[in-house]
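Everything below concerns the one structure shown next.
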Amino acid sequence: MAVIERSAIWPWRGNIPPHVPLPDVVPKAFLLPGDPARVDFAAAVLDDFRIVGQNREFRMGYGQYGDKLIGVCSTGIGGASTEIAMVELAALGVEVAIRTGGCGALAEDLNLGDFLVIDEAIPNSGAAKFYTGPAERACADKGVVAALEAARLARQLPGRVGKCITADGYYRAQGRPSSPGGSGEPTLLDRFAARGADTVEMEAEVILAVGRALGVRAGAVLAVHAHRRSDGWLEDYETTQRDVLRIGAEAAAAACS
């Protein structure tokens, strides 16, 4: 059996990506949670759901939503691993990618457990900047935004359409202290809000920017797990994560029709 040589420039082994698992059938649409454990939540949303496999932070599965095959692949935390997932899924032929995750609200009108459909990510991510021009905005696909908001409204789930900012870290990069009892930098959140961000999270800008650059219709729907103004924390957010997946799955199916 011949050994397929790999290139450091494009380190695939034939059609096998170096990071994300390779499904036997590649769905045209994927939901992208950050946490690998949340991929398994899709079993409550998609019919005939099966896990393809896991490599590092990339856990993948797929199932049916109506007559549409929908994939689910975790991105891990942050822009670097998210860029890997998006590039490799795009190269496999994926056409629609929707981030389904959590966020920390900045806007006063958002409450714990609300759902924010993202129409734009305010520029902030170091990984995203390689996929956008100097004046280019990381906007979600308009059709995907409409499908996500329609799915949220159909379920009468609280929330709205809004904007996020994607941080490259969890502690100082989001104004948190980096040691117990530290003061952090709360003015950073004020600066984020002044730029128009309704919430802060860690992956959406990369998904939108890479999607736009590579011809993948991308969007994001985020559950408010934390409120950075009131300092509230949603301790049990498994229900919200299932609802995020339901919103995403319905929108992905609609975007593929």
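A few remarks follow.
- Some residue of segment 173-191 being surrounded by 23 or more Cβ atoms within 10 Å (Cβ to Cβ) and either of a type in the set (D, E, K, R) or over 16 Å from Ala223 (Cα atoms) (or both): no
- Residue within segment 94-109 that is more than 19 Å from Ala204 (Cα to Cα), modelled with pLDDT of 95 or more and not polar (S, T, N, Q) present: yes
- Those residues of segment 11-40 which are touching a Pro at 6+ places or on another chain (Cβ under 8 Å) and farther than 17 Å from Ala90 by Cα, in sequence order: Val39
- Residues that are within 15 Å of Leu32 (Cβ to Cβ) and either part of a strand (DSSP E or B) or basic (Lys, Arg) (or both), drawn from segment 64-85: Ile70, Gly71, Val72, Cys73
- Within segment 86-197, strands (runs of 3 or more DSSP E) holding 2 or more residues that are in contact (Cβ under 8 Å) with a residue 12 or more places away in the chain and touching a Phe, Trp or Tyr at 6+ places or on another chain (Cβ under 7 Å): 96-105, 159-166
- Meets criteria (closer than 19 Å to Glu83 by Cβ, in a strand (DSSP E or B) and touching a residue at least 60 places away in the same chain (Cβ under 8 Å)) for Ala220: yes
- Checked against (1) more than 14 Å from Thr100 (Cβ to Cβ); (2) surrounded by fewer than 24 Cβ atoms within 10 Å (Cβ to Cβ), Asp198 meets all criteria but (2).
- Candidates Ile118, Ile70 - the one that is more than 13 Å from the chain's Cα centre (by Cα) and closer than 17 Å to Ala252 by Cα: Ile70
- Criterion: out of contact with any helix residue (DSSP H, G or I) (no Cβ under 6 Å at 6 or more places or on another chain) and farther than 24 Å from Ser81 by Cα - qualifying residue of Arg195, Arg152: Arg195
- Residue within segment 32-50 that is over 13 Å from the mean Cα position of the chain (by Cα), hydrophobic (A, V, I, L, M, F, W, C), outside any loop (DSSP other than H, G, I, E, B) and over 21 Å from Ala223 (Cα atoms) present: yes
The values are calculated or read from the model by the stated rules, or taken from the named source; none is laboratory data. Because the structure is a prediction, the values reported are computed rather than measured. Positions of Cβ are generated from backbone atoms using ideal geometry, with glycine treated the same way; all protein chains shown enter the neighbour counts.
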